[in-house]
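Enquirer: Handing you a structure now.
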Amino acid sequence: MSDTPQWVLDKIAEVKAQGSTELDLSAPEIDGGDLTIIPPEVFELDFLTSLEICRHKIQFIPSEIAQLENLTTFHLSGNKIKKIPVILCHLSNLQELYLYDNQITEIPVTIKQLSHINIIDLHNNNINDFSNLSELISLRQLYLGMNRINLIPPSIGKLKGLVVLELLINNIAVIPSEICHLKSLEILSLDSNLLSELPEAIKDLSKLMQLTLSRNRIKEIPACIFQLKELRLLSLSSNEISQIPKDICKLEKLEKLILKGSTNVVYPRDYSWRINVSKNDENPIEIPPPEVVDQGLESIRNYYKQIREEGITKLYEAKLLIVGEAGAGKTTLANKILDQHYELQPEDTTHGIDIHEYIFPYQDHDFRVNIWDFGGQEIYHATHRFFLTERSVYILVADERKEDTDFDYWLNIIQLLGKKSPVIVLLNEKLGRKRKINESALRGQFPNLKEIISLDLSKSEEIPKLVNKIQAYLQTLDHIGDPLPKTWTNLRTFLETDGRNHITLQEYIDLCDDFGFKENTDKLSLSQYLHDLGIVLHFQDDPLLNKTVILSPEWATDAVYQILDHPEIIENYGTFSRKDLQLISINTAFDNMHDEVLQLMIKFKLCYRITETANIYISPQLLNPQQPKYGWRKSNNLIAEYRYDFMPKGIVSQFIVEMNRLIKDQNLVWRSGIILHKDNTDAEVIENLAQRKITIRVRGDHKQNLLTVIFHELDKIHDSYHGLQVDKLIPCNCTECKPKPNPELFPFADIKWAISKHQPTLQCRRSFELVKVQGLIDEIYDPSTNLPPPIPNTEFLGDERIIIKDSTVNITPKAVTEPKPESPISNDATPKLPVVLTSSFAMGYLFALVAVVILVAASVLHPISLAIALIGITMLYVLIGVFTLRAADQTKDESMVQLVTIVLQQLPVLGNVVSAIRGIANKGN
């Protein structure tokens with residue numbers, strides 16, 4: 001008797017019955033299969049041209065494979081095969097061989113017998129030498145990523161028909177010059193290797209369209225790349241490149257230049273979980289200015305075009321940012337820098353940000369410093385992400401008397417937003433009091449901490465030495481002396497001395513024309529550059545704010561903070577109306593700009609509008625800190641959590657602004673949390689700053705749907721902090737954890753890793769049960785939201801795919817499949833009536849009983865009385881269902897109306913009627 005599983009025999013029978021020449025016995029993408037050998041019945045199908053048996057546990061390819069002499073495609077990926085047998089090479093008609101995700105260590109010499117082979121995919125094996133492939137002159141696509149290859153053999157040059165060569169994630173340090181013979185090559189992927197340079201011969205790859213070199217050791221872009229006239233995509237993220245030369249403009253057909261991250265790279269095979277893609281995959285680029293580079297390839301081209309046409313000037317300007325707690329002495333320090341003989345006097349608390357210009361001589365130039373003095377109150381922390389910038393010098397001022405400075409928070413937020421910017425800690429010895437801090441621990445944790453200085457700001461003799469140190473650190477910033485187009489610096493100087501707080505976009509465009517700008521893209525590139533530096537504010541992506549160029553950021557922040565600091569608004573827990581703004585004694589400089597100021601606050605996520613019709617606004621930073629009392633059923637919840645290495649203040653405040661449309665009740669939102677409601681589903685999101693985490697609980701009919709939306713919005717906020725380290729944890733759904741209000745939580749990174757290893761299950765650390773990975777994903781993601789899935793498509797990266805036909809590479813959009821709509825009531829969310837009440841048998845019995853009652857009572861009762869009796873019987877039946885649910889404690893938080901609706905929907909016939917009525921009502925809305 002055959003040991004072949006019945007499902008395999010059924011598939012084989014189906015192929016025979018249909019006369020098909022293709023057999024697919026592959027297991028599901030994540031779950032995997034249990035076949036340990038290729039079923040012997042397969043070898044009887046000598047008419048097969050395509051055989052796929054992927055994601056099983058097959059360890060070898062038997063000699064019987066030679067019987068399938070008509071095979072053109074053989075797909076055995078995701079198994080445990082260690083050797084390519086010689087007999088396989090007897091399949092003379094084979095054109096495509098897929099053996100990736102196995103344990104193969106070598107390629108046999110006899111593989112040269114596959115004279116018609118077009119595609120070989122051996123990625124994710126243990127191969128260290130592929131020289132035996134060099135005789136396959138018909139080979140067009142070769143995939144050898146994720147192996148142990150140290151050397152590309154010179155014989156690679158023999159594969160002259162090769163169109164795709166993929167060698168990423170190996171240990172390759174040198175590319176042989178013989179690669180120049182691959183005249184047909186269109187895609188070359190060498191990411192995650194040890195390359196520091198490329199051979200000059202690369203320039204001879206005249207058809208090359210995609211070159212990916214991310215995560216190598218390249219310090220400058222090799223000149224040979226600029227001769228690849230057909231290049232469409234160049235990926236260089238996570239190298240050591242400091243300059244993009246002007247020769248980049250020679251690549252006229254280049255469409256994508258990727259210098260950080262790699263989410264836009266389209267790989268012919270899936271490496272989405274094998275590559276450590278990080279939003280920190282950057283290069284230390286100094287020229288062009290990073291603000292220009294961040295705007296993309298076209299901005300870089302425009303930058304060099306303007307330099308070519310107008311000439312250059314050099315940049316000698318920087319930002320000095322003074323931060324710390326309220327009353328620490330920040331304003332005193334700013335005044336001492338501006339005037340070293342400044343006499344101390346009582347200082348008003350800084351509200352928002354004060355900006356001062358400071359100039360000192362440097363190499364026959366004026367070195368301009370913009371001193372930003374930040375208010376220390378916590379309400380101002382929400383805007384730090386907009387104004388704490390890279391390529392600046394930071395001074396953290398601490399009051400020695402109060403000992404209230406949270407060094408860990410301030411140094412972390414500076415490191416997060418300022419990156420490598422140098423930091424000076426100034427311990428202000430007010431009244432001579434000194435404080436000891438753990439300097440060695442702080443220096444070990446924060447490498448950008450350059451100095452810890454103790455001094456008394458009241459003693460003028462100590463100030464010159466401090467100012468000299470500050471100037472020295474400003475001069476060492478990477479961007480000092482960078483070239484800029486003359487038109488940029490000339491217009492910038494004019495704008496800084498203009499005297500107006502804001503101008504219209506048209507006025508700005510006219511000024512650009514006066515200063516010699518020719519292209520609108522160049523004008524907008526400059527405004528974006530000045531915006532990124534914090535010199536002006538121009539939100540080009542906002543339909544209202546893009547019509548105004550704010551020349552004075554200080555004016556804008558003053559307007560915002562005069563609103564947030566107003567006693568009446570604080571007393572009202574952040575609630576105010578548009579009309580209130582006219583009554584608040586705001587500086588006359590803000591007259592006629594109330595709409596813009598409100599939009600600026602919304603842009604900064606400092607407030608939200610309650611409804612689209614009412615002019616009532618709420619600032620979540622000023623909400624009542626007290627969590628309101630509300631009932632929450634802990635059973636049948638979907639739980640998730642975010643944990644932070646360092647948690648910036650205001651994440652939940654931003655989330656509240658983003659999600660205000662789903663707030664269940666304005667009484668159910670407070671300073672650190674919110675209750676959301678959508679489609680008969682509630683979610684609780686609470687921030688715990690002390691424990692550096694956000695907890696999420698979701699209950700109701702469409703838990704996955706609402707949780708998907710929550711994840712999407714929180715992830716967007718996290719992405720705005722480049723480099724923020726966050727762990728997302730999702731609930732275990734094993735039999736022990738699923739019913740509990742505090743299930744075991746799996747780090748999302750573990751799920752990604754399991755998928756990368758084709759591991760179908762993970763073990764619960766509480767019950768030790770094996771849990772299906774796909775089931776964990778299904779628990780937290782609802783495709784009907786049309787939001788990006790937590791795990792990207794496993795076939796291709798990005799929104800495109802590569803199709804190779806007749807030696808031509810076409811990059812085409814991937815077809816979008818419409819998701820199936822979710823059932824109105826999720827099976828795991830709606831409480832169920834006992835089968836005895838909802839079965840067709842029970843309803844049939846009830847119907848028969850009612851029929852008898854009608855026949856007996858019709859001759860006795862008046863028709864109206866009879867109708868009332870029938871209605872009473874129906875209501876009694878419904879009430880039995882309601883009390884059954886209530887007794888089971890399944891729905892203690894639902895109202896009586898909700899319970900009646902739940903019961904009616906589950907009754908045969910009546911349920912269909914109720915659903916139809918609700919459907920008509922929803923369409924009407």
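The values are calculated or read from the model by the stated rules, or taken from the named source; none is laboratory data. Keep in mind the model is a prediction, meaning the values are calculated, not measured. In this analysis, Cβ positions are derived from the backbone assuming ideal geometry, glycine residues included, and neighbour counts consider all displayed protein chains. With ligands, DNA and RNA removed, areas are computed over all heavy atoms of the protein, side chains included. Shrake-Rupley method; radii C 1.70, N 1.55, O 1.52, S 1.80 Å.
Enquirer: Looking only at residues that are out of contact with any His (no Cβ under 8 Å at 6 or more places or on another chain) and either within 21 Å of Arg643 (Cα to Cα) or open to solvent by less than 50 Å² (accessible area, probe 1.4 Å) (or both) in the stretch 780-791, which one is modelled with the lowest pLDDT? Please lay out each step first, then the result.
Expert: From the stretch 780-791, those out of contact with any His (no Cβ under 8 Å at 6 or more places or on another chain) are 780-781, 783-784, 786, 789-791; that's our starting set.
If we keep only those that are either within 21 Å of Arg643 (Cα to Cα) or open to solvent by less than 50 Å² (accessible area, probe 1.4 Å) (or both) too, we end up with 780-781, 784, 789-791.
Working: Ile780: 73, Tyr781: 71, Ser784: 64, Pro789: 60, Pro790: 60, Ile791: 54.
Top of the filtered list is Ile791.
Enquirer: I've got another one for you. Failed condition for Glu255, given (1) in the same structural domain as Ala173 (by TED's automatic domain parsing); (2) under 31 Å from the mean Cα position of the chain (by Cα), with all others met?
Expert: The number of the failed condition is (1).
Enquirer: Residue under question is Leu466, and the condition is that it be among the aliphatic types (A, V, I, L, M) and either in the same structural domain as Glu343 (by TED's automatic domain parsing) or surrounded by fewer than 17 Cβ atoms within 10 Å (Cβ to Cβ) (or both); does it hold?
Expert: Numbers: among the aliphatic types (A, V, I, L, M): yes; either in the same structural domain as Glu343 (by TED's automatic domain parsing) or surrounded by fewer than 17 Cβ atoms within 10 Å (Cβ to Cβ) (or both): yes.
So Leu466 fits the description; yes.
Enquirer: If you don't mind, another one. Mind checking which helices (runs of 4 or more DSSP H) fall wholly inside the stretch 266-368 and carry at least 2 residues that are modelled with pLDDT of 85 or more?
Expert: On the way: elements: 290-293, 297-310, 330-338.
Ranges flagged: 297-310, 330-338.
Enquirer: Among the residues of the stretch 450-473, are any closer than 30 Å to Gln415 by Cα, of a type in the set (Asp, Glu) and modelled with pLDDT of 85 or more? Talk me through it step by step, then tell me what you get.
Expert: First, the residues of the stretch 450-473 that are closer than 30 Å to Gln415 by Cα: 450-458, 462-473.
Pick out the ones that are also of a type in the set (Asp, Glu) and you get 451, 456, 462.
Then keep just the ones that are modelled with pLDDT of 85 or more; that gives 451.
So far as the stretch 450-473 goes, yes, one or more of its residues are closer than 30 Å to Gln415 by Cα, of a type in the set (Asp, Glu) and modelled with pLDDT of 85 or more.
Enquirer: Of all residues in the stretch 111-125, which are open to solvent by 10 Å² or more (accessible area, probe 1.4 Å) and in a helix (DSSP H, G or I)?
Expert: Hits for the stretch 111-125 are Lys112, Gln113.
Enquirer: Right, another one. Can you name the residue in the stretch 756-779 that is buried (at least 17 other Cβ atoms within 10 Å of the Cβ) and within 25 Å of Lys693 (Cβ to Cβ) and is also nearest to the chain's Cα centre (by Cα) among such residues?
Expert: Ile777
Enquirer: Just to be sure I understand, how many residues within the stretch 222-238 are assigned to a loop (DSSP other than H, G, I, E, B), open to solvent by less than 10 Å² (accessible area, probe 1.4 Å) and out of contact with any Ser or Thr (no Cβ under 6 Å at 6 or more places or on another chain)?
Expert: The number of residues fulfilling the criteria is 3.
Enquirer: Further, regarding this structure: In the stretch 450-463, how many residues are open to solvent by 30 Å² or more (accessible area, probe 1.4 Å) and touching a residue at least 40 places away in the same chain (Cβ under 8 Å)? It would help to see each step written out before you state the result.
Expert: First, pick out the residues of the stretch 450-463 that are open to solvent by 30 Å² or more (accessible area, probe 1.4 Å): 450-451, 454, 458-462.
Those still in the list that are touching a residue at least 40 places away in the same chain (Cβ under 8 Å) too: 454, 458, 460.
The total comes to 3.
Enquirer: Determine, yes or no, whether Leu208 is without any contact (Cβ under 8 Å) to a residue 24 or more places away in the chain, at negative phi and surrounded by fewer than 19 Cβ atoms within 10 Å (Cβ to Cβ). Break it down into steps so the answer makes sense when it comes.
Expert: On the way: without any contact (Cβ under 8 Å) to a residue 24 or more places away in the chain: yes; at negative phi: yes; surrounded by fewer than 19 Cβ atoms within 10 Å (Cβ to Cβ): no.
No: the conditions fail for Leu208.
Enquirer: Right, here's the next one. Residues that are under 26 Å from Phe646 (Cβ atoms), open to solvent by less than 20 Å² (accessible area, probe 1.4 Å) and not in a helix (DSSP H, G or I): does the stretch 697-719 have at least one?
Expert: No, the stretch 697-719 has no match at all.
Enquirer: Of all residues in the stretch 133-149, which are hydrophobic (A, V, I, L, M, F, W, C) and either touching a residue at least 40 places away in the same chain (Cβ under 8 Å) or open to solvent by less than 10 Å² (accessible area, probe 1.4 Å) (or both)? Explain how you work it out, then say what you get.
Expert: Looking only at the stretch 133-149, we keep the residues that are hydrophobic (A, V, I, L, M, F, W, C), and these are 133, 136-137, 139, 142, 144, 146, 149.
Result: Leu133, Leu136, Leu139, Leu142, Leu144, Met146, Ile149.
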